[in-house]
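Participant: Below you will find the structure I want to go over with you.
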Amino acid sequence: MSKKLKIGLFGFGVVGQGLHDIIRGQNLNIEIVKIAIKNPEKKRSLNANLFTTSHEEILNNPEINTIVELIDDAEAAYEIAKKALSTGKNVVSANKKMIATHLQELVNLQAKYGTSLLYEGAVCGSIPIIRNLEEYYDNELLHGISGIFNGSSNYILSKIFNEGLAYQTALKQAQDLGFAETNPILDVGGYDAKYKLTIATAHAYGLFIHPDQILNIGIQNISDADIKYAKEKNFKIKLVPTSRKISTKQMISYVLPKFVKPDDFLYNVENEYNGVTVQAAFADKQFFFGKGAGGHPTGAAVLSDIAALRYDYRYEYKKHHQQNGLITTDKVSLEVYIRYAHEYTIEKLKVENISERFSRNDYKYIIGSVSLKSLITHKDLLLNKDVFIAQTGKLTYSQQDLKAIAEENVW
């Protein structure tokens, strides 16, 4: 028999309303007791007594046993989650920045107070990737996890490649439809995807990485020349976050645009849809596909977590507790395409193993290997408007990389 959940809901935006729509009219043994909002003057169809502007009114209400946090402010969301978990209330959240930034502390709070924090809706919308990593792959050796984690940037790229829209036109369309914010850099700059990758990596490998340690380069500098090059090669460009093991004890994590070939699962993931590829030692390659944004798809993921709390479900973080000695490294080189304007860009990045190079007054590009360490060191250079970088998917190792890995004896 499931227990009755009395919910305090923080946020009544697109996802909050989507969640309410799904819950309404169903016999789920769930009751929304109070909803915290910012603007009390905004007209709403629900009874005004249901709303409050006071966080404390919800957090201090002994009737409420479950907090559902669906606000944009990551630091405010952190304070809500921290207090709730510390006072015996379980939490469901969709705030990927908050979770990625504070995950280690939030895990410790759950252990200390016997509470549960669930966040399926924070990673790839309606795709149940966290629960699968936590349960289905709990004893599986994973070689890599990657995919399309951000619906806004994917929508823009789909419009560019499928309809021939200019980047700014596609971006404006995404903003008008509510897929991208007024300041879209969190989406197109790869930050949103990085937060989601941070969370997924914790469950895939048991490794808690602060998002500031992960390289993220987005699609904001893409040009007509880059698009033309990709089309000539029959590629599409997608923004792809990746965590991958390169040895028994080392892994790499980064977010970069990628040339995607027609035989790649991600090639046909379009518009606001997300796709996650899991490469496992025994289960081999598996692919998850679904809507990555929107009130009802994300609301459905949030509801899944709420329903799980009726049966006292919690993440066990099994791989983290195994303490397998896995660490992140930058001792690997990626094969990349770089469009640039000034030769010092290539010199600073120390591009090696050059397989292709082209130069004319208005367009220069090079394909070669660059160490992940160099990309991280020179991130500011890669953000210049006259530079665009995309990975080809190939990893290479310099003699220096191989020597460093061998010295650490992790193969």
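The values are calculated or read from the model by the stated rules, or taken from the named source; none is laboratory data. Quick caveat, the model's predicted, so the values are computed rather than measured. Neighbour counts run over all protein chains shown; Cβ positions are idealised from the backbone, glycine included.
Participant: It is to be established whether one or more residues within the range 345-355 are modelled with pLDDT of 95 or more and among the small types (Gly, Ala, Ser).
Facilitator: Yes, the range 345-355 contains at least one residue that is modelled with pLDDT of 95 or more and among the small types (Gly, Ala, Ser).
Participant: Tell me the residue from Tyr313, Tyr363 that is farther than 22 Å from Thr115 by Cα and either in the same structural domain as Ala122 (by TED's automatic domain parsing) or at pLDDT 95 or above (or both), please. Full working, then the answer.
Facilitator: Working: Tyr313 fails: farther than 22 Å from Thr115 by Cα.
Only one candidate passes the filter, namely Tyr363.
Participant: Next question, about the same structure. Among the numbered criteria (1) surrounded by fewer than 22 Cβ atoms within 10 Å (Cβ to Cβ); (2) more than 15 Å from the chain's Cα centre (by Cα), which one does Gly290 miss?
Facilitator: Of the numbered conditions (1) surrounded by fewer than 22 Cβ atoms within 10 Å (Cβ to Cβ); (2) more than 15 Å from the chain's Cα centre (by Cα), the odd one out for Gly290 is (2).
Participant: Hey, another quick one. Any residue in the range 57-80 that is in contact (Cβ under 8 Å) with a residue 60 or more places away in the chain sitting within a Cβ distance under 6 Å of a residue that is crowded, with 21+ Cβ neighbours inside 10 Å and β-branched (Val, Ile, Thr)? List the pairs, counting only those 6 or more apart or interchain.
Facilitator: Thr66/Ile7; Ile67/Val91; Val68/Ile7; Val68/Val92; Leu70/Val15; Ala77/Ile71
Participant: Pick from Ile148, Ile185: which is under 24 Å from Thr298 (Cα atoms) and touching a Lys or Arg at 6+ places or on another chain (Cβ under 8 Å)? Quick ask: steps written out before the conclusion?
Facilitator: Working: Ile185 fails: touching a Lys or Arg at 6+ places or on another chain (Cβ under 8 Å).
Checking each option against the conditions leaves just Ile148.
Participant: As an exercise: evaluate Ala307 against (1) crowded, with 21+ Cβ neighbours inside 10 Å; (2) in a helix (DSSP H, G or I) and give the number of the one condition it does not meet.
Facilitator: (1) is the only condition that Ala307 fails.
Participant: Looking at this structure, is Ser146 outside any loop (DSSP other than H, G, I, E, B), touching a Phe, Trp or Tyr at 6+ places or on another chain (Cβ under 8 Å) and of a type in the set (S, T, N, Q)? Steps first, answer last, please.
Facilitator: Numbers: outside any loop (DSSP other than H, G, I, E, B): yes; touching a Phe, Trp or Tyr at 6+ places or on another chain (Cβ under 8 Å): no; of a type in the set (S, T, N, Q): yes.
No, not satisfied.
Participant: Which one of the conditions (1) in a loop (DSSP other than H, G, I, E, B); (2) out of contact with any Asp or Glu (no Cβ under 9 Å at 6 or more places or on another chain); (3) closer than 25 Å to Asp312 by Cβ does Gly16 fail to meet, given that it meets all the rest?
Facilitator: Of everything listed in (1) in a loop (DSSP other than H, G, I, E, B); (2) out of contact with any Asp or Glu (no Cβ under 9 Å at 6 or more places or on another chain); (3) closer than 25 Å to Asp312 by Cβ, Gly16 misses just condition (1).
Participant: Here's a follow-up. So Lys238 fits all but one of (1) surrounded by fewer than 22 Cβ atoms within 10 Å (Cβ to Cβ); (2) charged (D, E, K, R); (3) in contact with a strand residue (DSSP E or B) (Cβ under 6 Å, 6 or more places away or on another chain); what number is the exception?
Facilitator: Checking Lys238 against (1) surrounded by fewer than 22 Cβ atoms within 10 Å (Cβ to Cβ); (2) charged (D, E, K, R); (3) in contact with a strand residue (DSSP E or B) (Cβ under 6 Å, 6 or more places away or on another chain), the one that fails is (1).
Participant: If you don't mind, there's one more thing I want to ask. In the range 274-304, how many are assigned to a strand (DSSP E or B) and either within 26 Å of Phe10 (Cα to Cα) or in the same structural domain as Gly88 (by TED's automatic domain parsing) (or both)? Before the answer, list the steps.
Facilitator: Here is the first cut: in the range 274-304, the residues assigned to a strand (DSSP E or B) are 274-280, 284-291.
Retained after the next criterion (residues that are either within 26 Å of Phe10 (Cα to Cα) or in the same structural domain as Gly88 (by TED's automatic domain parsing) (or both)): 274, 290-291.
So the answer is 3.
Participant: Can you find even one residue in the range 46-65 that is touching a Leu at 6+ places or on another chain (Cβ under 6 Å), within 15 Å of Leu9 (Cβ to Cβ) and either loosely packed, with under 13 Cβ neighbours inside 10 Å or at pLDDT below 90 (or both)?
Facilitator: Keep residues of the range 46-65 that are touching a Leu at 6+ places or on another chain (Cβ under 6 Å), which gives none.
No, the conditions are met nowhere in the range 46-65.
Participant: Right, something else. Using the structure shown, decide if Lys238 is within 18 Å of the chain's Cα centre (by Cα), within 19 Å of Ile127 (Cα to Cα) and in a strand (DSSP E or B).
Facilitator: yes
Participant: Go through Val68, Val15 for me and flag whichever is at pLDDT 95 or above and crowded, with 23+ Cβ neighbours inside 10 Å. Show your work before the answer.
Facilitator: Details: Val15 fails: at pLDDT 95 or above.
Step by step, each of Val68, Val15 is checked, and only Val68 is at pLDDT 95 or above and crowded, with 23+ Cβ neighbours inside 10 Å.
Participant: Do any residues in the range 31-52 that are closer than 19 Å to Glu69 by Cβ and without any contact (Cβ under 8 Å) to a residue 40 or more places away in the chain have Cβ atoms under 8 Å from those of residues that are part of a loop (DSSP other than H, G, I, E, B) and of a type in the set (Lys, Arg), where the two are at least six apart or on different chains, and which pairs are they?
Facilitator: Filtered contacts from the range 31-52: Glu31/Lys4; Phe51/Arg44.
Participant: So, one more: Of the numbered conditions (1) closer than 26 Å to Gly294 by Cβ; (2) touching a strand residue (DSSP E or B) at 6+ places or on another chain (Cβ under 9 Å); (3) acidic (Asp, Glu), Asp176 satisfies every one except a single condition; which is it?
Facilitator: (2)
Participant: Filtering the range 156-195 down to residues that are among the polar types (S, T, N, Q) and not in a helix (DSSP H, G or I), which residue is modelled with the lowest pLDDT?
Facilitator: The first filter runs over the range 156-195 and keeps only residues among the polar types (S, T, N, Q), leaving 158, 162, 168-169, 173, 175, 182-183.
Checking which are not in a helix (DSSP H, G or I) leaves us with 182-183.
Working: Thr182: 75, Asn183: 84.
My answer is Thr182.
Participant: Identify all residues within the range 105-128 that are over 13 Å from the mean Cα position of the chain (by Cα), touching a residue at least 60 places away in the same chain (Cβ under 8 Å) and part of a helix (DSSP H, G or I); write none if there are none.
Facilitator: Residues satisfying the conditions are Val107, Gln110.
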